[in-house]
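Here is the structure we will look at, set down as structure tokens.
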Amino acid sequence: MRKDQDQSPPSPRRKSATAAVAAKPRVALVLQGGGALGAYQAGVYQALHENDLTPDWVVGTSIGAINAALIAGNPRETRIDRLREFWETVAHPDAFDLRQVPDALRPWATRLTTLDTFLRGTAGFFRPRPLNPFALGLPVPPDEASFYSTAELGETLSRLVDFEYLNGPSGIRMTVSAVKVTCGTLVNFDSRQRPLGPQHVMASGALPPGFAPVRIDGELYWDGGLYSNTPLEAVLNDEPRTNLLCMMVDLWHADGPEPRTLEEVQTREKDVTFASRSQRHIDAYLQQYKLRRAAHALYKRLPPSMLTQQDRQMMEELGADSTIHIVRLAYAGRDWNMASKDVNFARGSVMWRWEQGYQDGLRAIALGKGCPFSESETGIVVHDLPSGDTHDRPEKTTERSA
């Protein structure tokens with residue numbers, strides 16, 4: 001999973017700069033939004049969990065925020081059980097046993113199950129609002145402006161997530177993102193900065209018009225995926241900067257074939273809308289990284305007599321180089337190019353995605369065994385795990401240069 005990129009000995013400046021950086025890198029798990037596709041993320045976490053790669057920080061949006069809460073809000077010994085209980089709760093019974101029907105009929109059986117989810121919702125998550133004026137175009141209270149109610153999700157989170165543990169000293173750091181409805185600003189709710197509760201997780205997953213915005217401290221919030229569906233930016237902008245191994249789990253495909261039918265157009269629209277914008281964030285980080293190093297070099301040219309205590313502190317902060325290794329795991333399933341794949345909570349599909357995430361997580365761990373964390377002058381090293389079931393393809397590693 002990780003490969004040494006910089007084999008040359010560090011310069012004297014680098015030695016002093018990295019003294020403040022922890023020898024063992026922190027591990028961050030970044031979870032994208034994607035509705036029912038999020039079962040893949042649960043499988044990835046199970047692989048990490050079983051191999052003692054427990055993250056120090058979980059960052060999520062939408063369904064990624066729900067998975068993040070289930071991970072960060074439970075002691076290690078119960079995390080997998082809570083994740084499995086959630087996904088078994090929201091999984092919709094299959095219309096037919098997919099093992100008993102021909103391959104050609106499986107997409108139609110899945111579509112039938114998904115249609116039932118649209119009509120009746122799914123247990124423990126969302127239900128249609130009865131006699132809903134909003135569906136007729138009539139005004140309703142802002143926090144009821146949706147086709148479905150997520151009251152059951154609030155109950156599920158309260159039952160499966162120990163928020164007292166999450167906000168306590170033993171809990172993993174958690175960050176979830178949501179968009180402020182009235183101004184479109186992205187807000188990161190971080191357990192280091194404030195106590196988090198079910199409402200913060202629900203706000204991160206309040207995708208309109210299906211789900212209503214959630215009110216927090218007087219403000220309404222929608223799904224953070226409307227602004228950025230992959231919350232990598234929260235990790236890249238974190239201070240103080242330290243060596244970090246970032247496991248980023250993507251659920252949507254930025255690339256795809258030219259669409260020909262209405263459903264293919266709708267599928268590509270969703271993929272393009274919610275696919276990772278990680279490269280944009282990485283490029284912005286590298287630009288900032290380059291400016292920090294230039295500013296540090298300018299400070300070093302000043303005579304010591306001209307430097308104030310504040311200048312010396314700033315110089316130390318600018319000189320604290322760190323390396324981020326980003327491992328990208330992508331859900332490879334195409335789900336028959338269904339536009340409603342994120343609403344496909346069919347039990348067979350959910351369990352299949354979990355297993356795919358588990359196997360991909362194991363592949364990533366196997367590729368990285370024996371590779372020590374390597375510092376790099378470039379600031380970021382990106383590792384793309386090949387998608388699909390091919391196990392003998394080499395890992396693609398890219399070192400982003402500043």
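Please treat every number below as a calculation from the coordinates, not as lab data. Treat the numbers as computed from the prediction; the structure is a model and nothing was measured. All Cβ positions, glycine included, derive from the backbone under ideal geometry; neighbour counts span all protein chains shown.
So for the pair Gln288, Leu138, with labels modelled 7 Å out along Cα→Cβ, what separation do we get in nm?
Between Gln288 and Leu138, the simple spin-label model gives 4.8 nm.
Using each residue's phi in region 267-277, evaluate 6.51 cos²θ - 1.76 cosθ + 1.60 at θ = phi - 60° and report the 3J(HN,Hα) Karplus result to the nearest Hz, with x for Gly and Pro.
Result, ordered by residue: 5, 5, 4, 5, 4, 5, 5, 9, 5, 4, 9 Hz.
In degrees between 0 and 90, to the nearest 10, how far off the longest principal axis of the chain does helix 347-368 point, with axes built from Cα atoms?
20 degrees
Rounded to the nearest 10 degrees, what's the angle between the helix 278-301 long axis and the longest principal axis of the chain, both from Cα atoms, 0 to 90?
For 278-301 against the chain, the angle is about 20 degrees.
Out of all DSSP beta bridges in the chain, what portion is antiparallel? Express it as a percent rounded to 5.
Details: 19 of 47 bridges.
Around 40 percent of the beta bridges assigned by DSSP in the chain are antiparallel ones.
With a ≥ b ≥ c taken as the square roots of the eigenvalues of the C-alpha gyration tensor of region 80-151, please select rounded if a/c is under 1.5 and otherwise prolate if a/b is larger than b/c or oblate if it is not? Don't skip to the end; give the middle numbers.
Working: a/c = 4.29, a/b = 1.64, b/c = 2.62.
It comes out oblate by the Cα gyration axes.
For Asn167, what residues show an amide H to amide H distance below 5 Å, using hydrogens built from the backbone and excluding near sequence neighbours?
none
Cα gyration tensor of the chain, axes a ≥ b ≥ c as square roots of the eigenvalues: rounded (a/c below 1.5), prolate (a/b > b/c) or oblate? Before the final figure, lay out the partial values.
On the way: a/c = 2.01, a/b = 1.56, b/c = 1.29.
Here the chain falls in the prolate category.
Once you sort the root eigenvalues of the Cα gyration tensor of region 53-191 as a ≥ b ≥ c, which label holds: rounded (a/c under 1.5), prolate (a/b larger than b/c) or oblate (the other case)? Please list the in-between numbers first.
Numbers: a/c = 2.24, a/b = 1.20, b/c = 1.87.
Oblate, since a/c reaches 1.5 and b/c is not below a/b.
Across the chain, how many lysine pairs, 8 or more positions apart or on different chains, have C-alpha atoms separated by under 27 Å? Please give the number.
Step by step, the pairs that qualify in the chain add up to 19.
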